[in-house]
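**Q** Handing you this structure, nothing more for now.
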Amino acid sequence: MTPAPARTLLRRSSRARGLVAALCLWLIAPAALAADLPARQAGGPEIVVEGSTEKKSAWKRAETEHVVVFSDGGEAELRRVAIDLEALYRLMSRLYRQGQTADDTAKLQVTLFDSTEFFTQMGLRNLRSAEGPYATSFVGQRYYDPREGGDVLAASRSDQIVNLNTVIARSRDCEDQLAMGALTCFPYPNHPPIVRTWQGVLYSAFAQHFILTYVPAAYPRWYLDGIGALFSTFAVRSDGSADYARPPIGYKEAFRSYGDLRVGDVLTGRYLENPPPQMRWTPYHAWLLAHYFLYADLKPERRDQFARYMAAVRQGTPLAEAAAVFGDMRKLQREIASYAARPLAYARTKRPQGPGDEPEITPLSFSDAAMIAARIEIGTRLAPAAASASPAGTMPAGETRDRAQWLAQVREKAAQFPRDGAAVLFAAEAECRAGNPRECLALAESVLAGSPDNVEALAWKGMALTDAAIAGPAANRPQALAAARQTIERAIALDGDAPLPLIAYFQSFAKAGEPVPEQAMLGMAKVARQVPAAPAPRLYLGAELVRQGRGDLARQVLGPVLHGGYDSPEKDAARALFAPARPRG
């Protein structure tokens with residue numbers, strides 16, 4: 001008999017199988033609009049600061065309708081960033097979602113650090129996204145991880161100084177001097193650096209997140225770079241109107257120092273084969289290519305070619321094959337070079353009719369602040385084994401040691417705040433993800449002792465019980481799994497929209513090698529709609545659909561994972577689902 005909480009997801013009927021398919025198709029429906037150009041535009045209360053007797057840290061949290069921002073900088077700066085990101089969300093919604101601003105997706109969590117050193121200090125790796133790959137002067141500016149529990153973005157509040165005195169610039173300077181009759185290339189002229197603002201890096205990452213979330217599909221990496229670059233110059237004016245797609249300051253100087261855009265290499269993907277020291281792709285090149293295809297007054301033939309190219313990429317066609325639609329690349333190269341030499345237009349929104357809502361700003365407690373870095377690091381520190389496992393299937397000793405040390409630090413921090421449920425539950429998450437169900441269970445139980453209806457604690461308890469059941473004696477497994485599911489179903493009954501219990505319920509069947517029921521399938525599809533950019537929920541669904549013999553539907557659900565521009569542990573696993581079976585013996 002189906003437990004009552006599970007019935008809140010779907011009442012059993014003969015139509016359940018069809019409903020699962022329909023919901024999976026609903027999940028992939030936005031991809032149909034992915035290659036469309038952005039639409040042409042047609043024509044508060046005081047800041048709330050919650051009081052508390054607990055001492056607060058230097059960190060603050062700003063929340064708007066669609067984004068949450070954490071920063072240890074000034075409150076005025078935090079307020080401005082939150083307002084501008086919300087304005088960028090609304091702009092992109094008008095361009096790409098026909099003005100829709102309501103949705104059920106999880107809010108993006110943005111964390112701002114005071115220096116780019118956070119990237120190396122925290123040992124972060126972009127396992128599911130990456131800028132570029134850009135020339136070395138542009139790397140390491142932000143971290144973005146589309147997670148099953150909600151997407152995470154981290155960046156610094158420090159501008160990037162871009163060196164223009166490159167080998168390419170020296171070579172061109174020498175050619176110019178010799179052409180003018182000089183007998184030697186020395187001394188070389190000095191090219192002052194240009195600045196890539198931290199706000200531009202932040203807006204770029206947010207724009208990429210928006211496209212992957214609200215128009216999910218498989219995109220070429222250069223296109224995602226280009227979307228980010230177009231909106232990196234987003235700027236709100238004093239009257240509330242906003243500029244976007246403006247040429248970045250110094251872009252022509254960047255071309256001189258890093259080389260002209262090689263259109264054919266980019267569209268065919270050949271540029272991705274260059275080793276880092278030889279990489280010439282920059283955000284400025286990405287801006288030009290995207291601006292040409294999305295904002296230039298293209299001839300109908302060229303616009304149709306671009307649409308066909310993007311459609312082919314979505315279907316998994318290799319870039320080199322898809323790019324054949326453009327015909328003579330030399331002609332396209334000349335067109336874009338001519339376009340780059342002209343004054344380039346940009347767009348400006350109309351002045352808004354009224355003031356926007358103010359973000360809610362609250363100071364963070366010391367316990368919340370203590371876990372900020374760890375909450376970001378967990379995506380790298382406890383990455384799936386497929387991301388770093390050796391050919392023998394085991395994790396390198398050095399990485400195993402690093403994971404253990406990081407986990408010990410999390411335990412130590414959580415022990416400092418035993419009465420803080422959020423800190424303890426994060427430690428429980430870390431234990432469960434590290435494969436320690438006993439420790440995870442103990443931490444979840446400690447929270448439930450004081451808060452028996454805590455949905456997150458119930459979910460982690462259910463996950464821990466599931467893992468313990470699978471690792472335990474086979475004879476006890478059915479009863480142990482039933483107990484785990486009873487705990488998870490209680491969490492679902494309390495909050496049917498929370499993603500963690502829905503994931504836990506699905507995994508209680510999948511991990512055990514049991515057929516996943518329709519209720520759990522529908523729940524996982526619901527999670528995937530909440531975090532469309534995250535590859536994990538799509539992988540969970542796709543793997544079960546393959547098991548059910550519904551490979552065609554699985555390929556559609558997994559399209560952005562299989563054919564998207566970014567590599568990820570989930571992409572490797574998704575490809576393995578469709579790999580030919582190896583002959584035995």
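**Q** Sort His191, His291, His563 from largest to smallest accessible area, using a 1.4 Å probe on the heavy atoms of the protein chains. Let's see the in-between values first.
**A** Values: His191 40, His291 0, His563 65 Å².
Result of the area sort, largest leading: His563, His191, His291.
**Q** Then there is this: Would you mind getting the accessible area per residue of segment 370-529, heavy atoms of the protein chains only, 1.4 Å probe, in Å²?
**A** Result: 43 Å² per residue.
**Q** Right, something else. Please list Glu377, Glu360 from largest to smallest accessible area, probe radius 1.4 Å, with all protein chains kept in place.
**A** In descending accessible area the options line up as Glu360, Glu377.
**Q** Provide the per residue accessible area, probe 1.4 Å, for segment 279-356, rounded to a whole number of square angstrom.
**A** Details: 4150 Å² over 78 residues.
Value for segment 279-356: 53 Å² per residue.
**Q** Taking K and R as +1 and D and E as -1, what net charge do the other residues with C-beta under 13 Å from the C-beta of Val266 add up to?
**A** Once positives and negatives cancel, what remains is 0.
**Q** Determine how large the accessible area of Cys185 is when every protein chain is in place; take a 1.4 Å probe and give Å² rounded to the nearest 10.
**A** Surface accessible to solvent at Cys185 totals approximately 20 Å².
**Q** In the chain, what % of DSSP beta bridges are antiparallel (nearest 5)?
**A** 65 percent
**Q** Right, another one. With label points built 7 Å along Cα→Cβ from the Cα atoms of Asp103 and Met329, find their separation and express it in nm.
**A** 3.4 nm
**Q** Between Lys55 and Ala179, what length comes free when the chain is fully extended (0.36 nm per residue of separation minus the Cα-Cα distance, one decimal in nm)?
**A** 37.8 nm
**Q** Total Lys pairs in the chain closer than 23 Å by alpha-carbon, pairs eight or more apart in sequence or interchain only?
**A** Lysine pairs meeting both conditions in the chain amount to 13.
**Q** Can I ask one more? In whole Å, how far is the Cα centre of segment 191-245 from that of segment 413-466?
**A** 38 Å
**Q** For a quick check of understanding: with a 1.4 angstrom probe and all protein chains in place, what accessible area in square angstrom does Trp222 have, to the nearest ten?
**A** Result for Trp222: roughly 0 Å² accessible.
**Q** Between Gln353 and Thr197, what length comes free when the chain is fully extended (0.36 nm per residue of separation minus the Cα-Cα distance, one decimal in nm)?
**A** Extra length available between Gln353 and Thr197 comes to 53.2 nm.
**Q** Note the full-extension length gain between Phe186 and Ser241 as 0.36 nm times their separation in residues minus their Cα-Cα distance, in nm to one decimal.
**A** Between Phe186 and Ser241, full extension yields an extra 15.0 nm.
**Q** Which of the following values of Rg/Rh (Cα atoms, Kirkwood Rh) was calculated from the structure shown: [x] 1.14; [y] 0.98; [z] 1.20?
**A** So the structure-derived entry is [y].
**Q** What residues of segment 265-307 lie in the reach of a label at Ala345, counting those whose backbone N is under 11 Å from a point 7 Å from the Cα along Cα→Cβ?
**A** Label zone hits: 295-298.
**Q** Ok, one more. For Leu108, enumerate residues with amide H under 5 Å from its amide H, sequence gap 5+ or separate chain, H modeled in the peptide plane.
**A** It is Val68, by chain and number.
**Q** If you don't mind, there's one more thing I want to ask. May I ask you to evaluate 6.51 cos²θ - 1.76 cosθ + 1.60, the Karplus curve with θ = phi - 60°, for each residue of segment 129-136 and list the ³J(HN,Hα) values in order in whole Hz, giving x for glycine and proline?
**A** Here the 3J(HN,Hα) series is 6, 6, 6, x, x, 8, 4, 4 Hz.
**Q** Something else now. How many percent of the accessible area of segment 119-225 is carbon or sulfur, using a 1.4 Å probe?
**A** Roughly 58 percent, rounded to a whole number.
**Q** Per-residue ellipticity at 222 nm for the chain, helices alone: DSSP H runs ≥ 4 residues times -39500 (n - 2.57), over residue total, nearest 500 deg cm²/dmol?
**A** Only helices count here, giving -15500 deg cm²/dmol.
**Q** Provide the per residue accessible area, probe 1.4 Å, for segment 82-130, rounded to a whole number of square angstrom. Can you show the working numbers first?
**A** Details: 1980 Å² over 49 residues.
That works out to 40 Å² for each residue.
**Q** I want to check the label-to-label distance for Asn165 and Gln315. Put each point 7 Å from Cα in the C-beta direction and report it in nm to one decimal.
**A** If labels sit at Asn165 and Gln315, their model points lie 5.2 nm apart.
**Q** Roughly how much of Arg555 is accessible, in Å² to the nearest 10, using a 1.4 Å probe?
**A** Roll a 1.4 Å probe over it and Arg555 shows about 120 Å².
**Q** Still on this structure: Give me a comma-separated list of calculated 3J(HN,Hα) values for segment 168-184, in order, Karplus coefficients 6.51, -1.76, 1.60 applied at θ = phi - 60°, integers in Hz, x for any Gly or Pro.
**A** 5, 4, 4, 4, 5, 4, 5, 4, 5, 5, 5, 5, 8, x, 5, 8, 9
**Q** With the Cα gyration tensor of segment 50-208 giving a ≥ b ≥ c as the square roots of its eigenvalues, does the rule (a/c under 1.5 for rounded; else a/b larger than b/c for prolate; else oblate) give rounded, prolate or oblate?
**A** prolate
**Q** In whole percent, and with a 1.4 Å probe on the protein chains, what portion of the accessible area of segment 286-358 is carbon and sulfur?
**A** C and S atoms contribute 50 percent here.
**Q** Quick one: ranking Ser257, Ser446, Ser451 by accessible area, 1.4 Å probe, largest first, what do you get?
**A** Listed by decreasing accessible area, they come as Ser446, Ser451, Ser257.
**Q** Between Ala76 and Ala415, what is the label-point separation in nm under the 7 Å Cα-to-beta-carbon projection?
**A** Each label point lies 7 Å from its Cα, and together they span 4.4 nm.
The values are calculated or read from the model by the stated rules, or taken from the named source; none is laboratory data. Computed from a predicted structure; not experimentally measured. Because the Cβ atoms are built from the backbone with ideal geometry, glycine has one as well, and the counts that use them run over all protein chains shown. The area values use the complete protein model at the heavy-atom level, side chains included, leaving out ligands, DNA and RNA. Shrake-Rupley method; radii C 1.70, N 1.55, O 1.52, S 1.80 Å.
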